[in-house]
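Worksheet: one structure, shown below.
The values are calculated or read from the model by the stated rules, or taken from the named source; none is laboratory data. Just so it is clear, the model here is predicted, and its values are computed rather than measured. Don't worry about glycine lacking a Cβ; one is built from the backbone with ideal geometry, like all the others, and counts go over all protein chains shown.
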Amino acid sequence: MDIKNNVPANKLIFPGQIHETPDGGFLITKLDEVINWARSNSLWPLIFGTSCCAIEMMSAADAKYDWSRFGFEVARASPRQADLIIVAGTIVMKMAPVLKRLYDQMPDPKYVIAMGACTISGGPFFYNTYSVVKGVDHIIPVDVYVPGCPPRPEALLHSMITLQEKIKNEAFFRKS
Amino acid sequence: MVITGVCLLAFLVVLCFFLGYMERKVAAFMEIRLGPNRVGPKGSMQIVADTVKLLFKEGLTPDGADKFLFNLAPFIVVITSMLVVAPIAYARDFQLWDINIGVLYVSSISSMAVIGILMAGWSSSNKYSLIGAMRSGAQIVSYELSIGLSLISIVILSGSLQLSEIIESQANGWWIFKGHIPVIISFVIFIIASTAEINRAPFDLTEAEQELTGGFHTEYAGMKFAMFLLSEYINLFVVSAIAATIFLGGWMPFHIGGLDAFNHIMDYIPSSIWFFGKTFLIIFIIMWFRWTFPRLRIDQLLNLEWKYLLPISMVNILLVTAMAIMGWHF
Amino acid sequence: MTNEELKYSITELLPVATYDESGEFLNIIIPSDELIPLMKELRSKKEFDFDYLFCLTCIDWKDHLMMVYHLLSKVHKHCIVVKAKITDIQNPKIESVNCIWKTAELNEDEVYDLFGIRFLNHPNLRRLFLEEDWKGFPLRKNYVDENMIKL
Amino acid sequence: MLLGQDHITEEGEFVINMGPQHPATHGVLHLKIGLDGETIKKIEPHLGYIHRSIEKMCEQLSYRQFIFTTSRMDYLSAHINNQACVLAVEKALQVEATPRAKAIRVLMAELTRLASHQLWWACMGLDLGAVTPFFYAFREREAINTIIEETCGTRLTQNYMVPGGVMMDIHPNFQKRVKEVLKQIKEKAHEYDELLTGNVIFQQRLKGVGYLSKEDAVSYGCSGPTARASGVSCDVRKLFPYDGYEQLKFDEILNTEGDSWARYLVRLGEMKQSISIIEQLIDNIPEGDFQAKTKNVIKLPKGDFYQRVETARGELGVYIVSDGGATPYRCKFRSPNFSNLSAIPKMAEGAKIGDLVAIMATVDLVIPDIDR
């Protein structure tokens, strides 16, 4: 909205033309806020863990770290009912199509957290391996990366709160 | 009539919000943790957030599914569970529909839920859903018998199928106290069987997460899935309300026959508090089951019904009948 | 039985076997076609009674492949290592020991997957870890994978 | 095509795929199950969904480096896996760890075993539909993890052991904290019994389910609690003692029933034994160095070396073939779960789907250890 006002008409930064984006107005903005509030506070993760990080994910669910405080505890076994897939653990070539399929089976909107070094880049299994996918973002788009091998449960909680922040800035009815 | 109906629906939805919140808090209490406490005061808006999210989630229908049945099933499940709410008496002189065959109505309508579940499982064209639906068919059909028989024991004692008359018959004491051991047995059987009837743990084989990922609702997403959750909580409320009405006197305060002064004091507590107090006590007990017990296996589940609950309730009916004829109850 | 006694008894059974006693276990090195008769004896004879195959693997020595079977007797508490030498590395094959120890079934699947040794009379030989269309056998020394990032 | 042929599907058979993503498989195991109604006719395991080529990697890593890969195999007994590697290297080098290092290793291994069994108990309940035990077991597991973290710096994949000893000395608080945790575990033991062990439904779900005979257990190469529940004496700590286990007093828990209930009891018994081992050692950690002197670049002599240890799930074997260089020529890990998994089709024959979940829970598979 503001870009066009600040940039002189003859000096557009992009080669193409910038279209005027319609402002949502009060009602739609408020509705957007409500939806984003609901979505960010109700992230149901898919029960999906391939290796060590899954144990730390379980730790995040336990009484000490207790992700139920944020409403994350409704872990769904079926991808149809999940909003969030926490890729906890190494993804190998054979698993990649399965993960893609799981992601495709999830209804929109869907979010991905890449948990641990293996999912970010292959991690400890980056060199000299023939079967490891070097980064889960080769397969599915990732919203939040959590480094660590494995990350502590606090780090996972932090990543989920970061994801909440991200969702709160999304636009559902407005076009941003 | 329309206004009443809308009010009732709104009440049910709010009730389900509360039950969902209660379930998560009870679970947290059992599991030595905190439970939702970030969204709204003490986490009370958590369920609202979940519902709004599910409303705006993509409600996809799988490609291989039978689209008509797939979309119809959640409505049938919700409608049947909402129909059962109609004859419940919430307080003194506050009953929407005092049908004269109330008990019969409740038990017949509630057994229709199995159709919706079977429909959901079959039309999903998912093997897990199908197994879940088959299990649910076997389970609900079997446990229907015990529920019916345990309700009949009170029908025999009170001599009426009408819920308001059953409540009135408990003016000098609730049936669970008046009816000696046979009614207590009926009550226990009713609680067990109705837990199975509404597919809650330890009888949640139809949606056994560790075995069938989601059972009959594996393929459901968004609002359609929310309707299954809605019907689950309505069912939970309904069976608890029925148990409270039939065995614990519904809105009837705690009376002891003959002690008029005591009864009079009890009458000062509003009848709706009596009703909801009893109902939520039973709801809490059913939730307590869920978060404590492991799940049964399918053959054990059917054995429990056909080899234990059914014969016991049949013998129990005999006892109750004898008791009613001889006038042994208070 | 001690290693010496084992060696003595096995020499009687199979004169072609050679031995290596440098390690902790007695290693018996045999040609691959002698495997099944020897293994059957080792399993069934009362004085051996090797009932526990606790490790089955293969080593690629570039010019030949070596199947390694670690055996233990739960009764006599003695261990032995049988190594079967497969000289044909282009088309390696060996008899399956699945009929003697059931644990061999999955282990041999694994060896087939990673080394490409075909096991004869195996009930269900398949690629266990990798996809069916995977090219090459990764644990072979001559395996090249252009996607692999070398350290 | 003969190879990779589908051996399980017959005409008209109801086949379901359990996994790769399924809550009961504890990871990414894929079981193809042929069903007759609810009864299982055949099971065919499909593996490799977490095959990370660890054995290939080890061929490029030095003898100090390759230890870390094993922490990621059976991540629940990471210490014990590391112990197997360093023991194999020590055996080849003919170096012996210092007495203090040995005691620390055993303590860490037993703490890991305790934590691992607690996680198993947690998942056991979860698999059978009881959610609450999960939280009770994790309470103690977190306490143990905190202790391990204090000394090793990580909660899960410790990589604490090095050839010749351990990487650093224990934290000054170590002994105090361990005693506190042991006290806590003992005090809370009755909750475990009340929640699951004494529950009628739970017992009914396990008794007589997943029977494995002694002969089959041996033939399938089972080890650990799975085999011991069938009456096979196979505790490596007793049969082939290492790191001073021969001086400690503990029992090998055996049960001859062979069903899931026996496996459950064996594991519960092992937790008690682990506590007793830790109690014997915690006040008797010898003074001295925590690491024996080894060369910076370790080169093993030519030959092959096999070292086995008892992890929480059974016998882990590390088989190193050395050609005299600084890296292993071939490195094979004999994983306990791999063999235990191969017995599952046998155990689950004729059982129900719910039984299969119970069987997998009692065998306690860790999938990355199977796939490596």
Take B:Phe94 and decide whether it is aromatic (Phe, Trp, Tyr), surrounded by fewer than 15 Cβ atoms within 10 Å (Cβ to Cβ) and within 22 Å of the chain's Cα centre (by Cα). yes
Show me the helices (runs of 4 or more DSSP H) entirely contained within segment B:102-195 in which 2 or more residues are under 23 Å from B:Leu309 (Cβ atoms), more than 14 Å from every other protein chain (Cβ to nearest Cβ) and modelled with pLDDT of 85 or more. B:102-110, B:113-123, B:127-158
Quick check on this structure: which one of D:Ile170, D:Ile104 is within 19 Å of D:Gln280 (Cβ to Cβ) and within 23 Å of the chain's Cα centre (by Cα)? D:Ile104
Touching a Phe, Trp or Tyr at 6+ places or on another chain (Cβ under 6 Å) and surrounded by 19 or more Cβ atoms within 10 Å (Cβ to Cβ): does that describe C:Val97? no
Restricting to segment D:297-318, name every residue that is part of a strand (DSSP E or B) and touching a residue at least 40 places away in the same chain (Cβ under 8 Å). D:Gly303, D:Phe305, D:Tyr306, D:Gln307, D:Arg308, D:Val309, D:Glu310, D:Glu315, D:Leu316, D:Gly317, D:Val318
Every residue in segment A:79-102 that is within 13 Å of chain B (Cβ to nearest Cβ) and in contact (Cβ under 8 Å) with a residue 24 or more places away in the chain, please. A:Pro79, A:Arg80, A:Gln81, A:Ala82, A:Asp83, A:Leu84, A:Leu102
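Quick one: is D:Tyr75 at the interface with another protein chain (Cβ under 8 Å from one of its Cβ atoms), closer than 26 Å to C:Leu114 by Cα and out of contact with any strand residue (DSSP E or B) (no Cβ under 8 Å at 6 or more places or on another chain)? Spell out the reasoning first.
Working: at the interface with another protein chain (Cβ under 8 Å from one of its Cβ atoms): yes; closer than 26 Å to C:Leu114 by Cα: yes; out of contact with any strand residue (DSSP E or B) (no Cβ under 8 Å at 6 or more places or on another chain): yes.
The answer is yes for D:Tyr75.
Could you pull out the residue among B:Phe225, B:Phe203, B:Phe216 that is part of a loop (DSSP other than H, G, I, E, B) and more than 15 Å from B:Ala244 (Cα to Cα)?
On the way: B:Phe225 fails: part of a loop (DSSP other than H, G, I, E, B); B:Phe216 fails: part of a loop (DSSP other than H, G, I, E, B).
Being part of a loop (DSSP other than H, G, I, E, B) and more than 15 Å from B:Ala244 (Cα to Cα) holds for just one of B:Phe225, B:Phe203, B:Phe216, which is B:Phe203.
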Modelled with pLDDT under 85 and surrounded by fewer than 24 Cβ atoms within 10 Å (Cβ to Cβ), is that true of A:Gly123? yes
State whether one or more residues within segment A:115-137 are within 12 Å of chain B (Cβ to nearest Cβ), on the phi < 0 side of the Ramachandran plot and touching a residue at least 24 places away in the same chain (Cβ under 8 Å). no
Identify, from the list A:Arg80, A:Arg101, the residue that is crowded, with 21+ Cβ neighbours inside 10 Å, more than 14 Å from the chain's Cα centre (by Cα) and more than 29 Å from C:Leu151 (Cα to Cα). A:Arg80
Leading residue by the ranking (farthest from the other protein chains (Cβ to nearest Cβ)) among those in segment D:23-58 that are under 21 Å from the mean Cα position of the chain (by Cα) and hydroxyl-bearing (Ser, Thr, Tyr): D:Thr25
Take the conditions within 20 Å of C:Pro138 (Cβ to Cβ) and surrounded by fewer than 24 Cβ atoms within 10 Å (Cβ to Cβ) and apply them to A:Val133. Does it pass? yes
The number of residues in segment C:67-89 that are closer than 17 Å to C:Arg118 by Cβ and surrounded by fewer than 19 Cβ atoms within 10 Å (Cβ to Cβ) is 4
Across segment A:52-78, what is the total count of residues that are within 10 Å of chain D (Cβ to nearest Cβ), under 23 Å from A:Cys118 (Cα atoms) and in contact with a strand residue (DSSP E or B) (Cβ under 7 Å, 6 or more places away or on another chain)? 3
In segment B:9-55, residues that are in contact (Cβ under 8 Å) with a residue 12 or more places away in the chain and either surrounded by fewer than 15 Cβ atoms within 10 Å (Cβ to Cβ) or outside any helix (DSSP H, G or I) (or both) total 6
Quick check on my filter: what residues within segment C:75-114 are within 10 Å of chain D (Cβ to nearest Cβ), within 16 Å of C:Glu41 (Cα to Cα) and among the charged types (D, E, K, R)? C:Lys83
Qualifying position, being surrounded by fewer than 23 Cβ atoms within 10 Å (Cβ to Cβ) and either at pLDDT 85 or above or within 9 Å of chain D (Cβ to nearest Cβ) (or both), among C:Lys150, C:Lys46: C:Lys150
Just for segment B:66-81: of the residues that are closer than 16 Å to B:Ser129 by Cα and crowded, with 19+ Cβ neighbours inside 10 Å, which one is farthest from the chain's Cα centre (by Cα)? B:Phe70
Within segment B:16-59, restricting attention to residues that are of a type in the set (Lys, Arg) and more than 24 Å from the chain's Cα centre (by Cα), which residue is farthest from the other protein chains (Cβ to nearest Cβ)? B:Lys42
Checking B:Ile273 against (1) crowded, with 16+ Cβ neighbours inside 10 Å; (2) more than 14 Å from chain D (Cβ to nearest Cβ); (3) not in a loop (DSSP other than H, G, I, E, B), which single condition isn't satisfied? (1)
Just to be sure before I move on: is D:Arg263 part of a helix (DSSP H, G or I), more than 14 Å from chain C (Cβ to nearest Cβ), basic (Lys, Arg) and within 25 Å of D:Ala103 (Cα to Cα) in the structure I sent? no
Name the single residue, out of those in segment D:191-231 being farther than 16 Å from D:Ala348 by Cα and hydroxyl-bearing (Ser, Thr, Tyr), that is nearest to the chain's Cα centre (by Cα). D:Ser223
